[in-house]
Amino acid sequence: MSDIFTKVREASSALEAEQLLTPQALETFRIRYLGAKGLIKSLMEEMRDVPNERKREFGQVVNALKQQAETQFQAAKAALETQAEQSATEQLDLTAPGEPLPLGSRHPISITMNRVVDIFKRIGFAVADGPEIEHDWYNFTAMNTPEDHPARDMQDTFYVVDAPGMLLRTHTSNVQARVMTTRKPPIRIIAPGRVYRNETISARSHAQFHQVEGLYIDEGVSFADMKQTLLYFAREMFGAPKIRLRPSFFPFTEPSAEMDVWLGTDTEENCRLTKGTGWLEILGCGMVDPQVLENCGIDSRQYSGFAFGMGIERQALRLFNIPDIRLLFENDVRMLQQFISSL
Ligand code: PHE
């Protein structure tokens with residue numbers, strides 16, 4: 001007898017525990033509690049076993065249970081319906097025209113570096129890489145730049161205060177040392193990257209800029225090979241008819257030269273970029289100093305080679321007719337958006 005009352009109480013807490021989060025759960029609930037063969041109906045049928053004096057009380061608790069089940073059912077049903085409505089309005093209309101995604105464009109410096117790399121790749125140079133935060137051995141010592149050389153002056157170089165011997169590389173020539181100490185000739189690499197110098201920012205120079213380094217080491221590599229390679233580059237890059245090599249000095253090459261590319265003086269822009277001479281200076285180069293080969297563990301009696309390092313910014317100014325180097329670093333999208341390139 002008391003069993004039947006206990007059953008009702010248990011059913012009431014079972015109801016509370018029901019989670020009606022899906023239409024399927026809701027339907028199962030309805031069948032289990034409110035259906036024609038459901039729990040409430042069967043409890044009603046047990047009424048006949050209840051003694052007369054408790055029939056009334058039993059009727060009340062079963063009714064309350066029915067009420068509880070119905071309220072719960074209705075509430076869950078309403079909640080599921082609003083949810084369905086909301087997701088219907090949020091649903092994607094696949095027939096609607098798409099929202100245009102704004103397309104980015106490459107930075108003129110990246111475009112320029114990619115073009116340079118592309119040109120050298122065509123004649124068998126592979127891309128190599130080196131760190132921007134570099135040990136002074138790779139940046140200076142290996143490259144035949146002794147400790148007291150003026151290029152190491154605090155004025156010219158950013159040193160890492162917390163890491164003795166570490167600096168921001170002043171040129172991509174560190175990649176020469178990185179490659180020569182880890183590979184055997186023949187070596188034919190091109191190394192694009194960012195470099196740093198402690199310079200005052202102006203229309204012509206910046207404390208951070210970009211270079212592409214080149215290195216070619218093999219048996220019997222000559223100055224003539226270098227000249228022809230660089231001429232090929234100047235023609236491909238600028239359509240330049242000729243180049244000029246002026247004697248120069250770098251600690252890591254001997255002999256050394258600066259290379260100018262003939263742009264001519266026929267346009268105002270050419271005059272501005274070449275300061276009226278028609279010659280645009282774009283790179284330093286030379287035959288790798290035998291001492292550098294030895295520093296990096298390459299036998300200088302067997303091998304020779306040439307190296308060059310070119311500035312990228314000036315070439316970008318020329319390629320895209322940009323009047324001021326600072327525009328390259330301001331990253332104003334209105335300016336950057338103008339350059340679309342497949343490279
Ligand atoms: N590293 C030199 C510079 O930054 C350029 C260079 C590279 C010159 C390789 C000769 C050979 O000015």
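Scanning the chain for GluC sites (Glu not before Pro) in DSSP loops with at most 15 neighbouring Cβ atoms within 10 Å leaves 1-131 as the longest stretch between them. Sequence-ordered 3J(HN,Hα) estimates for the stretch 50-57 from the Karplus curve with 6.51, -1.76 and 1.60 and θ = phi - 60° stand at 7, x, 3, 5, 10, 4, 4, 4 Hz, glycine and proline given as x.
Taking every C-alpha pair closer than 8 Å and separated by at least 6 residues, the mean separation divided by the residue count of the chain gives a relative contact order of 16 percent. Exposed loop sites are taken as trypsin sites (Lys or Arg not before Pro) in a DSSP loop (any state but H, G, I, E or B) with at most 14 other beta carbon atoms within 10 Å; the longest stretch of the chain without one runs 38-121.
Within the accessible area of the stretch 207-343, the carbon and sulfur atoms contribute 48%, probe 1.4 Å, all protein chains present.
Using a simple spin-label model with pseudo-atoms 7 Å out from Cα toward Cβ, Trp137 and Thr71 lie 8.1 nm apart. Using a simple spin-label model with pseudo-atoms 7 Å out from Cα toward Cβ, Glu236 and Lys184 lie 2.8 nm apart.
How high is the FRET efficiency from Asp129 to Ala78, r the C-beta distance, R0 45 Å, rounded to 0.05? Write down the numbers at each step before the final one.
On the way: r = 63 Å, r/R0 = 1.40.
Efficiency, from the Cβ-Cβ distance: 0.10.
Out of the chymotrypsin sites (Phe, Trp or Tyr not before Pro) in the stretch 198-257, which ones are loop residues according to DSSP with at most 15 other C-beta atoms within 10 Å? Spell out each step's value before the answer.
Values: sites: Phe209, Tyr216, Phe223, Tyr232, Phe233, Phe238, Phe249, Phe252; in loops: Phe252.
For chymotrypsin sites (Phe, Trp or Tyr not before Pro) across the stretch 198-257 that sit outside H, G, I, E and B with at most 15 neighbouring Cβ atoms in 10 Å, the list is empty.
How high is the relative contact order of the stretch 255-343, in percent, with contacts defined as C-alpha pairs under 8 Å that are six or more residues apart?
Reported as a whole number, the value is 21 percent.
From the P(r) of the stretch 108-342, could you give the percentage of C-alpha pairs in the tail past 33 Å? That tail contains 16 percent of the Cα-Cα pairs.
Where only protein heavy atoms count, and the probe is 1.4 Å, what is the accessible area per residue for the stretch 118-252 in Å²? Mind dumping the intermediate values first?
Numbers: 6760 Å² over 135 residues.
Ligands and nucleic acids excluded, the figure is 50 Å² per residue.
Between Arg301 and Glu99, the FRET efficiency from the beta-carbon distance, with R0 = 56 Å, is close to 0.25. Using the Cβ-Cβ distance between Tyr159 and Arg194 with R0 set to 22 Å, the FRET efficiency works out to roughly 0.80.
So if I place +1 on the C-beta of Lys and Arg and -1 on the C-beta of Asp and Glu, and nothing else carries charge, what would the dipole magnitude of the stretch 203-343 be about its Cα centre? I want it in debye, nearest 20. Before the final figure, lay out the partial values.
On the way: 13 positive and 19 negative charges, 97 e Å.
Computed charge dipole of the stretch 203-343: roughly 460 debye.
The values are calculated or read from the model by the stated rules, or taken from the named source; none is laboratory data. As the structure is a prediction and not an experimental result, all values here were calculated from the model. Positions of Cβ are generated from backbone atoms using ideal geometry, with glycine treated the same way; all protein chains shown enter the neighbour counts. Ligands, DNA and RNA are stripped out before the accessible areas are found, and what is left, the full protein with its side chains, is counted by its heavy atoms. Shrake-Rupley method; radii C 1.70, N 1.55, O 1.52, S 1.80 Å.
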